[in-house]
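Take a look at the structure set out below.
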Amino acid sequence: MRTLVTASLAFVLCGAACGDPSAATPQPQPAAAPTKSGSDIPPLDPDNIVSIAVGSKDHTTLVAALKAANYVTSVANPGPLTVFAPTNAAFDKLPAGTVDGLLKPEKLDDLKNVLKYHVAPATFEVPALKDGMELGMANGKRARIRHRDGKILINDATITASIRASNGIVHVVDGVLLPPAN
């Protein structure tokens with residue numbers, strides 16, 4: 001269901017909005033460890049996936065979704081994880097009201113499903129993302145990798161940047177991954 005996938009955008013991290021994913025993977029930009037003042041995110045390793053997302057102005061929707069789903073600790077675990085992190089602009093492409101709807105307490109299960117569909121429980125660097133391969137996602141569903149016009153896509157979202165983290169890798173994507181219907 002598309003509304004479920006909307007929440008998945010909240011699942012990953014920071015990064016530039018553009019870039020060639022086949023180019024060398026940029027080093028993560030250290031983010032200041034969040035403090036308790038005004039934040040419900042505990043102090044984290046500054047090179048961790050969550051810290052990278054928190055430090056990105058392009059992933060505030062994702063961070064809000066992680067908080068709402070109580071997944072900050074899960075995504076901050078030692079990994080290895082591959083997170084396909086939709087940007088705020090990717091969330092904006094969803095139908096009006098989708099993100100707000102997923103953030104409501106009664107939609108918690110839907111939000112968690114969408115977020116889990118943005119995470120693979122292993123590290124997949126760009127060279128490992130082969131055309132036609134399917135990745136098993138944390139929600140038990142599969143997502144397909146495709147190569148088109150020199151770009152790498154997961155389902156219909158293009159990977160625009162990749163950032164190595166201490167607990168895996170974040171691939172910034174330009175679309176929210178919506179889990180297939182049951």
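Read the figures in this text as sums done on the coordinates, not as results from a lab. This one's a predicted model, so the numbers in the text were calculated from it and none came from an experiment. We place every Cβ from the backbone using ideal geometry, glycine too, and count neighbours over all the protein chains shown.
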The ³J(HN,Hα) series, computed from each phi in the stretch 110-120 with the Karplus coefficients 6.51, -1.76 and 1.60 at θ = phi - 60°, rounded to the nearest Hz and given as x for glycine or proline, is 5, 4, 4, 4, 5, 4, 5, 6, 9, 10, 10
Net charge near ILE49 (other residues with Cβ under 15 Å of its Cβ; Lys, Arg +1; Asp, Glu -1) is -1
The long-range amide H neighbours of ASN167, using H built 1.01 Å from N in the peptide plane and a cut-off of under 5 Å, are ILE49
The stretch 136-165 and the stretch 94-119 have their Cα centres apart by a whole-number Å value of 20
The answer for the net charge of residues other than ALA157 whose Cβ lies under 13 angstrom from its Cβ, with Lys and Arg +1 and Asp and Glu -1, is +3
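Under the rule a/c < 1.5 gives rounded, and otherwise a/b versus b/c splits prolate from oblate, where does the stretch 78-182 land using the Cα gyration tensor?
Values: a/c = 1.68, a/b = 1.43, b/c = 1.18.
Verdict is prolate for the stretch 78-182.
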Amide H contacts under 5 Å for THR158, restricted to residues at least 5 apart in sequence or on another chain and with H modeled in the peptide plane, are ASP174, GLY175
Under the Karplus relation with 6.51, -1.76 and 1.60 and θ = phi - 60°, whole-Hz ³J(HN,Hα) for the stretch 160-170, x at Gly and Pro, equal 9, 6, 9, 10, 6, 10, 5, 10, x, 9, 10
Expected vector for the stretch 64-76, Karplus 3J(HN,Hα) from phi with 6.51, -1.76, 1.60 and θ = phi - 60°, integer Hz, x for Gly and Pro, equals 4, 5, 4, 5, 4, 8, 6, 10, 4, 5, 4, 7, 8
Sorted by chain and then number, the residues having a modelled amide H within less than 5 Å of the amide H of GLY79, at least 5 places away or on another chain, are none
